[in-house]
Structure formats: C-alpha cells, structure tokens
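Right, one structure below, let's go through it.
The values are calculated or read from the model by the stated rules, or taken from the named source; none is laboratory data. This one's a predicted model, so the numbers in the text were calculated from it and none came from an experiment. Here Cβ is always computed from backbone atoms with ideal geometry, including for glycine, and neighbour counts include all displayed protein chains. These area figures cover heavy atoms from the full protein model, side chains too; ligands, DNA and RNA do not enter into them. Shrake-Rupley method; radii C 1.70, N 1.55, O 1.52, S 1.80 Å.
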Amino acid sequence: MTKKETYQNIYQQILAVTKDESDLIANLANVVAIIQEAFHFHWSGFYLVKDKELVLGPFQGPLACTRIAYGKGVCGSTWKDRKSYVVADVHQFEGHIACSALSNSEIVVPVLKNNKVVAVIDIDSTEFNNFDHIDQSELESIAAYLGTIWP
Ligand code: SME
C-alpha cells in the first residue's frame with residue numbers, strides 16, 4: 001500500500017470510530033492510536049489551545065512537554081501562523097522545543113474551528129526528512145474533519 005492509500009484507510013477508520021461519539025478526548029485518543037498503528041512514528045499527539053497556551057492532549061510515545069506558549073517552537077508557530085509546518089531537520093528550526101532528544105524531523109498541522117486554531121496535530125520522527133506534502137495534505141484532511149466535529 002502506498003502512503004497515500006494508508007492515509008485514506010486511516011481517514012475511513014477515523015470517520016468510523018468518531019462519528020457516533022461526542023467525547024473529544026475519547027475521539028482524539030483513538031485518532032492518535034489509529035495514526036500510530038499505521039505508521040509507528042516516534043511520537044504522535046495533540047496539543048489543545050487553552051487560554052494562552054497549548055496544553056498536551058492525547059498522545060502516543062515518550063513523555064512530552066505539557067505546555068507550549070503561543071508562537072514558541074514548531075507547535076506554537078503553527079498556532080500563531082495558522083499553517084502547517086513540515087520540518088526536515090528540527091535542529092535547524094529556530095526555537096524548536098526538544099521534548100525528545102531522538103526526534104529529528106517533525107510535522108505540525110493546525111486544527112481549525114470557525115477559522116480559529118483549537119489544537120495542533122504534532123508528529124515526530126527519529127528519521128530526518130521523514131515528512132512530505134503527502135503527510136501534510138492527508139493530515140490536513142484529518143484536521144479539517146476534526147474541526148467539523150470539535151465541540
Ligand atoms: N517539538 C515540538 C514540541 C512538542 S514535542 O515534539 C512532542 C515543538 O517544537 O513545538
């Protein structure tokens with residue numbers, strides 16, 4: 001299966017497991033589980049916008065920073081700029097927050113509800129340059145769907 005086909009599969013799984021469930025945390029936890037089961041990334045998870053910070057949400061992987069300020073790191077930049085970041089080498093990203101010394105590349109995609117960022121999807125890899133436009137567009141599709149079911 002190609003990467004795009006795998007993403008299309010997991011999109012269908014995400015729709016199936018979330019469509020009859022209204023609890024946000026339960027749904028985000030299953031979304032991360034579905035992503036991880038398919039791709040086995042180093043770390044996959046959500047940070048949720050709460051007041052002036054991003055706060056750690058459901059994730060799979062090693063323990064992570066709990067709070068990230070607006071505009072800080074890749075996640076805070078995604079929130080501030082309301083756009084995805086695909087970072088081939090996190091060590092070259094000004095202000096990158098190293099939650100795990102093993103992470104070398106990262107993708108962060110915003111979840112928007114009514115044009116406001118409500119969360120970000122953050123995925124880290126131990127490989128350099130692990131993410132491309134396919135990861136970006138497919139994760140943006142998942143994020144767009146989540147925006148429609150966000151409470
Ligand atoms: N590296 C992220 C912080 C979150 S961890 O990767 C889980 C950043 O720079 O925003």
Enumeration of residues in the range 59-87 that are over 11 Å from ASP122 (Cβ atoms) and open to solvent by 50 Å² or more (accessible area, probe 1.4 Å): GLN60, PRO62, LEU63, THR66, ARG67, TYR70, LYS72, LYS80, ASP81, ARG82, LYS83, VAL86
Test for ALA64: is it over 17 Å from ALA119 (Cα atoms) and hydrophobic (A, V, I, L, M, F, W, C): no
Residue check for GLU37: within 24 Å of ASP20 (Cα to Cα), out of contact with any strand residue (DSSP E or B) (no Cβ under 8 Å at 6 or more places or on another chain) and not small (Gly, Ala, Ser): yes
Filtered residues of the range 114-137 (kept if outside any loop (DSSP other than H, G, I, E, B) and under 13 Å from the mean Cα position of the chain (by Cα)): VAL117, VAL118, ALA119, VAL120, ILE121, ASP122, ILE123, ASP124, SER125, ASP135, GLN136, SER137
